[in-house]
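Below is one structure, written out as structure tokens; comments come after it.
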Amino acid sequence: MPGRKTRRILVTGSCGQIGSELVGELRNRYGNESVVASDIKPEWDGESEGPFERADVLDDGRLREVIRDHGIDTIVHMAAILSAKGEREPQAAWKVNVGGLMNALEAAREMGLSQVLCPSSIAVFGKGTPRENTPQETVLKPSTMYGVTKVTGELLCDYYAEKFGVDARGLRYPGIVSAETLPGGGTTDYAVEIFYDAVEKGRYTCFLREDARLPMMYMPDCINATIQLMEAEPSGLKHHGDYNVAAMSFTPAELAEEIHRSIPDFEIDYDPDYRQKIAESWPSSIDDSAAREEWGWKPAYDLERMTEDMLERLRKRHEAGALYK
Ligand code: AKB
């Protein structure tokens, strides 16, 4: 395992909601030149400076070329199609999420890379899973193609770790709330959209029901969890690709109430669509004691602190005429 300062990291899906902020933080820690951002998009639109390579994760040859050219030893594999888009394009979701991960794992195996980190999601849960305080080890019978690909991804990480000794790691992200890059194609996206609409229009129509309680996390915690797991000593880890991580759980009504404290005129109404069914198949809260015990996971943000920070950042941008970047 390379030391913290000597890693050379490739982040796939760098232009996405999590990738764009993760690249910045990894560059702060490891140096700009040591972190290569890549995406199927032609240009890097993130704020940090450093190398960018256009690469489709399904193009195995291109992926290996980037790995070779930059002397990469760690892949953080963020490229994926999320739950709602995956239900509209299930074949593409399978291809990108499973095919892309296989390419990353195979490159790691054949080229002797030190680590692959691939996020999983609360979407691995489904029928027969306890919905409250969902345990680490439990039934994994997702009802979405996204969930099917994430269970497969977890199993692939375990397989490559045990069979080939690839240090493959992953964590089950809850819904992620962030102020920099908009999410796209997820069921939990409402929890970001609501802030933009609250600041811009003072009202929001939610595509989930008011009582759809889901596990959520604020981006700074998501970035910390990801880097903490990357840097955790392997000897302390009993799992590979499937750590539950939690921070808070709330319903759309509770989030609206919290926003209401700062924007008293804020109004919300509800027009649930096909995403409600996806939300109903997921847990309402998660037991993350394995992550806490094995690599010291501890979130910093609750609903109140997150809402305050989101509104402050978005209001500033709105006043400067740059709400949407
Ligand atoms: C989604 O809603 O699809 C994602 C997730 C929970 O993995 N945010």
Quick one: with all protein chains in place, what share of the accessible area of the range 157-260 is carbon or sulfur, to the nearest percent (1.4 Å probe)? 45
Burial ranking of peptide ranges 13-19, 299-305 (average Cβ count within 10 Å, highest at the top): 13-19, 299-305
Can you figure out the FRET efficiency of Leu155 with Ala253, using R₀ = 56 Å and their beta-carbon distance, to the nearest 0.05? 0.95
Please compute the modelled spin-label separation between Tyr324 and Asp56, points set 7 Å along Cα→Cβ, answer in nm with one decimal. 2.7
How much of the DSSP bridge set in the chain is antiparallel, in percent, rounded to the nearest 5? 10
So how do 187-200, 22-35, 60-73 stack up, highest first, on mean other-Cβ count within 10 Å? 187-200, 22-35, 60-73
Is any residue of the range 191-207 close enough, with backbone N under 15 Å, to a label point placed 7 angstrom from the Cα of Arg315 along the Cα-Cβ axis, and if so, which? 195-202
Using Cα pairs closer than 8 Å and at least 6 residues apart in sequence, work out the relative contact order for the range 126-240, in percent. 24
What distance in nm separates the two pseudo spin-label positions at Glu65 and Asp269, each 7 Å out from Cα along the beta-carbon direction? 5.2
Once fully extended, how much extra length lies between Glu293 and Arg29, figured as 0.36 nm per residue of separation less the alpha-carbon to alpha-carbon distance? 92.6 nm
Projected onto the charge dipole of the range 1-158 (unit charges on the beta-carbon of Lys, Arg, Asp and Glu, signs +1, +1, -1, -1), the Cα from Gly147, Ile75, Met111 with the largest positive-side position is that of Gly147
Rounded to the nearest 0.05, FRET efficiency between Glu47 and Lys141 (Cβ-Cβ, R0 56 Å) equals 0.90
Given the Cα-Cα distance of Glu106 and Asp211 and 0.36 nm per residue of separation, how much length would full extension add, in nm? 33.6 nm
Below 21 Å, Cα to Cα, which lysines can Lys85 reach? Residues fewer than 8 away in the same chain don't count. Lys41, Lys95, Lys127, Lys141, Lys150, Lys277
Could you provide, to the nearest whole Å², the per residue accessible area of the chain with probe 1.4 Å? 42
Taking the Cα-to-Cβ direction at Glu132 and at Phe164 and moving 7 Å from each Cα, how far apart do the two end points lie in nm? 4.3
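The values are calculated or read from the model by the stated rules, or taken from the named source; none is laboratory data. Remember, it's a predicted structure, so these values are computed and weren't measured experimentally. Neighbour counts run over all protein chains shown; Cβ positions are idealised from the backbone, glycine included. Ligands, DNA and RNA are stripped out before the accessible areas are found, and what is left, the full protein with its side chains, is counted by its heavy atoms. Shrake-Rupley method; radii C 1.70, N 1.55, O 1.52, S 1.80 Å.
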